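Heads up: the structure comes next, in structure tokens.
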Amino acid sequence: YSSLLKAVEGATKTIDIENAYFLNLPGMDQLLQAALMRGVEVRLLTNSNMSVDEPLVSEPIMKSLPDLVESGAQVYLKKGDTLHSKFMIVDGSFVSIGSLNLHPRSLFYDTEMSMSVIDPDAAKSLGKAFENDLSDEFAKKIDKTEDLAVKSTWYNRFIKKYFFDHL
């Protein structure tokens, strides 16, 4: 996770994130906001509340995105089946890929990991996959925060309040 934070902090042009369970984690949210303020193009693809296979995280995912949309990030939600990809490309040279979801459980409990490399060829290859995944066939671009609305339930509110680190 620290290598992802450092890459985002040092980004000068682009940050592309494709992550199945994106939740605004401490540190990452501030660094993405700072990158947007520096003029870095930030694009994010994650599961929609319709595609996610873990309904428990649907509301937290949707509630992690409005601030990014309002700050100028290009946010896309997966259509159809569940997105399972987990990678990041920064400035066309840094790549992180693996099983690490960007949510608390991955950081604290699961035995997930990612590999980070500086490799423009790997970035180019993953970049092509990312562009394909952003197509209208596979994803919906979010233009306004109202498109992120999800029905809040007592259970999701309880989980977020008391078990956020376990999501």
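The values are calculated or read from the model by the stated rules, or taken from the named source; none is laboratory data. Keep in mind that what you see is a predicted model, and the values were worked out from it rather than measured. Positions of Cβ are generated from backbone atoms using ideal geometry, with glycine treated the same way; all protein chains shown enter the neighbour counts. Just the protein is used for accessible areas: all its heavy atoms, side chains included, with ligands, DNA and RNA removed. Shrake-Rupley method; radii C 1.70, N 1.55, O 1.52, S 1.80 Å.
Are there any trypsin sites (Lys or Arg not before Pro) in region 22-84 that are in a DSSP loop and have at most 11 other Cβ atoms within 10 Å? List them by number. Please report the intermediate quantities before stating the final value.
Values: sites: R38, R43, K63, K78, K79; in loops: R38, K79.
Within region 22-84, the qualifying trypsin sites (Lys or Arg not before Pro) (loop, at most 11 other Cβ atoms within 10 Å) are R38.
Leaving out ligands, DNA and RNA, and with a 1.4 Å probe, what % of the accessible surface on the chain is carbon or sulfur?
54 percent
Can you give the FRET efficiency for L56 and V117, using 1/(1 + (r/R0)^6), R0 = 35 Å, r = Cβ-Cβ distance, to the nearest 0.05?
After rounding, the FRET efficiency stands at 0.60.
How large is ³J(HN,Hα) for each residue in region 75-83, as worked out from phi by the Karplus curve 6.51 cos²θ - 1.76 cosθ + 1.60 (θ = phi - 60°), to whole Hz, x for Gly and Pro?
10, 10, 10, 5, 9, x, 5, 4, 7
Could you list the GluC sites (Glu not before Pro) in region 19-127 that lie in coil according to DSSP, counting only those with at most 16 other Cβ atoms within 10 Å of their Cβ?
Working: sites: E41, E70, E112; in loops: E112.
Qualifying residues, ordered by number: E112.
With a 1.4 Å probe and all protein chains left in place, how much accessible area per residue does the chain have, in Å²?
Working: 8620 Å² over 167 residues.
That works out to 52 Å² for each residue.
In the structure displayed, which of K86/K161; K63/K124; K86/K144; K128/K151; K78/K161; K79/K128 lie more than 29 Å apart, Cα to Cα?
Numbers: K86/K161 26 Å; K63/K124 31 Å; K86/K144 25 Å; K128/K151 34 Å; K78/K161 26 Å; K79/K128 18 Å.
Among K86/K161; K63/K124; K86/K144; K128/K151; K78/K161; K79/K128, the Cα-Cα distance tops 29 Å for K63/K124; K128/K151.
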